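What follows is a single structure, written as C-alpha cells, with notes after it.
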There are 2 protein chains.
Amino acid sequence: MSTPVDIILKRNQLSITDSRKKILELFVNNSGALEHADIEKKTGEKFDRVTVYRTLQSFLEKGIIHTIPTSDNSVRYALCKDDCKEGHHHDNHVHFLCNECHTTMCLEDVTIPEVKLPVGFQPAEYQMVVSGTCKECR
Amino acid sequence: MSTPVDIILKRNQLSITDSRKKILELFVNNSGALEHADIEKKTGEKFDRVTVYRTLQSFLEKGIIHTIPTSDNSVRYALCKDDCKEGHHHDNHVHFLCNECHTTMCLEDVTIPEVKLPVGFQPAEYQMVVSGTCKECR
DNA sequence: ATTTCATTTGCAACTTTGTTGCATTTATAA
DNA sequence: TTATAAATGCAACAAAGTTGCAAATGAAAT
Ligand SMILES: [Mn+2]
Ligand SMILES: [Mn+2]
Ligand SMILES: [Zn+2]
Ligand SMILES: [Zn+2]
C-alpha cells in the first residue's frame with residue numbers, strides 16, 4: 001500500500017526513507033509554507049539537522065518543493081504543483097505573507113503579471129510576494 | 001563643506017561618523033545592491049562586523065536603504081529614493097537579479113503592477129523580483 | 001529470505017552569520 | 001573646552017549552514 005507521500009517520492013526517483021516521508025508529509029498536510037526551523041520542531045527532533053537540510057535540498061532539486069523569497073533572511077519552502085520538472089520550477093503564482101499570523105501561502109490561482117523591462121534585460125523568472133493581512137486574520 | 005553623504009546623514013538625524021560615511025558612500029557610488037559581505041570586503045576590514053550590522057540596521061530604520069527579497073538566504077541592501085520616510089518605505093519598483101554577473105539592481109522606472117487577490121486578503125506591500133540576464137551581460 | 005551495493009543517515013567538527021552586554025571612544029552641542 | 005548622549009570595538013555567545021566519513025538502511029538481485 002503506497003501512501004500519497006510514497007507516490008511522490010517514487011515518481012521523483014527518491015528512495016523512500018523515514019525522514020523523507022515525515023518531512024514530505026508535513027508539506028502535504030500543511031497549507032502554508034514551512035521554514036527549516038518549523039520542520040525541525042514539527043518532526044520532534046527526530047532527525048539530525050543535517051538530514052533535514054539534505055532532504056530539503058533534494059526535494060528542491062527534484063522540483064517537489066520551491067522556495068519563497070522574503071525580505072528578511074528567512075527561507076520558506078512550499079509544495080510545488082505537480083507539473084514542476086526536475087530542476088526547472090515554473091510556479092508562476094503570487095505568494096502571500098500575513099503580517100498577523102506570519103504564515104506564508106501560495107496563491108495558486110493568482111498569476112504573476114508580466115512587466116515591461118528596460119531594453120536589454122532578459123527575464124527568466126518572475127517572483128511576486130504580497131504581504132498584508134490574510135483571509136483568516138482580518 | 002558637507003559631502004552628499006553628510007547631507008543624507010544629517011537629513012536623517014544620524015551623527016556623522018567614519019563608518020556611516022564610508023558605508024553610505026558605497027551605496028551612493030554603487031549602482032547595484034550590496035550584501036553584508038560586500039560591505040565588509042569593500043571597506044577593507046576597517047570596521048568591526050558588529051558596527052556594519054548596526055549601521056545597516058539604522059540606515060534601514062531611517063529609510064535610507066531597503067532590503068531586496070531573494071529566494072536564497074542572502075540579504076541585499078540598496079539605496080532608497082529620497083522620498084522614503086522613517087520606518088515607512090515605499091519603493092514600489094521591480095528588482096532585477098542577474099544570473100550571470102549576480103548583481104542585484106533597482107529598476108526604479110518599472111512599477112510593480114497591481115494584482116487581484118482572493119477575497120479576504122488585505123494587501124499592504126507588494127514586492128516583485130525578476131531574475132535573468134542583465135543589460136550588460138547579454 | 002538473504003545477500004549485495006549504492007544511497008542515506010547521524011555524528012563531529014567546522015565555517016559563516018548574526019546578536020548582546022559592556023567598557024571605551026567619539027560626535028555634537030552647550 | 002567641557003559635558004553628555006550616542007556610537008564603536010571587543011568578547012562571548014547563539015544560530016544557521018556545510019563537509020567528510022563511518023555506520024545504517026533501502027532497493028534490487030539472487
Ligand atoms: Mn508557491
Ligand atoms: Mn530597490
Ligand atoms: Zn494571517
Ligand atoms: Zn549581469
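Determine the shielding of peptide B:61-70 by partner chains: average, over its residues, the number of Cβ atoms on other chains within 10 angstrom of each Cβ.
3
Expressed as a fraction of 2.2 N^0.38 Å, the rule-of-thumb size for a compact globular protein of N residues, what is the C-alpha radius of gyration of the protein assembly as shown?
1.11
Applying 1/(1 + (r/R0)^6) with R0 = 41 Å to the Cβ-Cβ distance of B:VAL28 and A:THR51, what FRET efficiency is obtained, to the nearest 0.05?
It comes out at approximately 0.35.
Hey, what did chain A get for relative contact order, percent, Cα under 8 Å, at least 6 apart?
19 percent
Per residue of B:92-105, what is the mean number of Cβ atoms on other protein chains within 10 angstrom of that residue's Cβ?
If you average over the peptide's residues, the count of other-chain Cβ atoms is 2.
Considering only A:THR70, A:THR17, A:THR43, give the residue with the highest GNM mean-square fluctuation for chain A, with springs between Cα atoms whenever their separation is below 10 Å.
A:THR17
Under the rule of -39500 (n - 2.57) per DSSP H run of 4 or more residues, summed and divided by the residues of chain B, what mean residue ellipticity at 222 nm is obtained, to the nearest 500 deg cm²/dmol?
When only DSSP H runs of four or more count, the value is -9000 deg cm²/dmol.
Running a GNM on chain A with Cα contacts under 10 Å, which residue among A:CYS98, A:CYS80, A:CYS106 ends up with the highest mean-square fluctuation?
Among A:CYS98, A:CYS80, A:CYS106, the largest mean-square fluctuation in the Gaussian network model of chain A belongs to A:CYS98.
Need the list of lysines near B:LYS81 for cross-linking: C-alpha distance under 17 angstrom, and skip anything on the same chain fewer than eight residues off.
B:LYS10, B:LYS62
Report the residue, chosen from B:GLN127, B:GLN57, B:GLN13, that carries the largest GNM mean-square fluctuation when chain B is represented by alpha-carbon nodes joined by springs under 10 Å.
B:GLN13
Which whole number gives the average, over all residues in A:108-121, of C-beta atoms from other chains lying within 10 Å of the residue C-beta?
Average per residue, whole number: 5.
Residue by residue, what Karplus-based ³J(HN,Hα) values in Hz, rounded to whole numbers, does region B:95-100 have, using 6.51, -1.76 and 1.60 with θ = phi - 60° and x for Gly and Pro?
After applying 6.51 cos²θ - 1.76 cosθ + 1.60, I find 10, 10, 10, 8, 6, 8 Hz.
Quick one: Kirkwood hydrodynamic radius for region A:4-132, alpha-carbon pairs, angstrom, one decimal?
With all distinct Cα pairs of region A:4-132 included, I get 15.7 Å.
Using θ = phi - 60° and the Karplus relation 6.51 cos²θ - 1.76 cosθ + 1.60, list the HN-Hα couplings for region B:101-116 in order, rounded to whole Hz, with x at every Gly or Pro.
After applying 6.51 cos²θ - 1.76 cosθ + 1.60, I find 8, 6, 8, 10, 9, 8, 9, 4, 8, 9, 7, 5, x, 6, 10, 8 Hz.
Label-point separation (nm) for A:ASP18 and B:ARG138, each offset 7 Å from Cα along Cα-to-Cβ?
Output for this residue pair reads 5.1 nm.
Amide H to amide H, which residues 5 or more places from B:ILE65 or on other chains are under 5 Å from it, using H placed in the peptide plane?
B:LEU60, B:CYS80
No lab work stands behind these numbers, since they all come straight from the coordinates. Predicted model, so just to flag it, every value in this text is computed and none were measured. All Cβ positions, glycine included, derive from the backbone under ideal geometry; neighbour counts span all protein chains shown.
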